[in-house]
Amino acid sequence: MTRLAAACTLFLGLFLGPALALEAVTPGYYADQKVVYQNDSGMPDNATYFKHILGNMKNHIEAVGRDHIQIRVVDFGDGVDLFQMAAKDPKLAQQIDGLKADGVKFLICKNTLTMRKIDWHELYGVTETDIVPSGVAEIVRLQGMGFTYVHP
């Protein structure tokens, strides 16, 4: 084998091998998962952060499979802005609806609503059952129930 052929083979193995391996991942590669995402915003640009975190969740569900993952999103502080923005942005609302259809549950911190004087009725897609007493305490509660913490 010439040096050029050997170099090409090495290149293909190093750079294409991992990509080809990803296509060959067998069902069940990931174990069932329970995950709690923290959403407290991404200042100074909430719009970019919200797009990022919602995209992370969508990719996470696609990787693991919607029947093999439970996702809770605890929204507090400026993270509640997501639902104020979605009330005025149909594309953002559609992303939230799509994740809810995949089983994602968004939980809203009552402390944040009280401190910021926000009426939950004005938040896109939020119901009274989505409100939890404390965002931080909810994350800890979910971790105690076996949920893994993620803060993208």
Inset, instruction - Return the only residue of Ile108, Ile53 being surrounded by 15 or more Cβ atoms within 10 Å (Cβ to Cβ), over 24 Å from Asp32 (Cβ atoms) and at pLDDT 95 or above. - result: Ile108
Legend entry - Of all residues making up the range 112-152, the number that are within 20 Å of Phe83 (Cα to Cα), surrounded by 13 or more Cβ atoms within 10 Å (Cβ to Cβ) and polar (S, T, N, Q): 2
Inset, instruction - Provide a single number: the residues in the range 121-152 that are in contact with a strand residue (DSSP E or B) (Cβ under 9 Å, 6 or more places away or on another chain) and assigned to a loop (DSSP other than H, G, I, E, B). - result: 10
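Filter the range 66-82 down to the residues that are open to solvent by less than 50 Å² (accessible area, probe 1.4 Å) and out of contact with any strand residue (DSSP E or B) (no Cβ under 7 Å at 6 or more places or on another chain), then identify the one that is nearest to Lys51 (Cα to Cα). Steps first, answer last, please.
Initial filter on the range 66-82 (open to solvent by less than 50 Å² (accessible area, probe 1.4 Å)): 69, 71-77, 79-82.
Add one more test, that the residue is out of contact with any strand residue (DSSP E or B) (no Cβ under 7 Å at 6 or more places or on another chain), and what stays is 77, 81.
Numbers: Gly77: 17, Asp81: 13 Å.
Once the filter is applied, the top-ranked residue is Asp81.
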Inset, instruction - Would you please list the contacts, defined by Cβ atoms under 9 Å and residues six or more apart or on different chains, that run from a residue in the range 53-70 that is among the charged types (D, E, K, R) to a residue that is open to solvent by 80 Å² or more (accessible area, probe 1.4 Å) and modelled with pLDDT of 95 or more? - result: Asp67/Asp32
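What number of residues in the range 84-105 are part of a helix (DSSP H, G or I) and either open to solvent by less than 60 Å² (accessible area, probe 1.4 Å) or charged (D, E, K, R) (or both)?
Here the count works out to 9.
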Inset, instruction - Residues being farther than 16 Å from His151 by Cα and in a loop (DSSP other than H, G, I, E, B): count how many of those fall in the range 64-83. - result: 1
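The values are calculated or read from the model by the stated rules, or taken from the named source; none is laboratory data. All of these numbers come straight from a predicted model, not from anything done at the bench. Neighbour counts run over all protein chains shown; Cβ positions are idealised from the backbone, glycine included. Note: areas computed on protein heavy atoms with side chains; ligands, DNA, RNA excluded. Shrake-Rupley method; radii C 1.70, N 1.55, O 1.52, S 1.80 Å.
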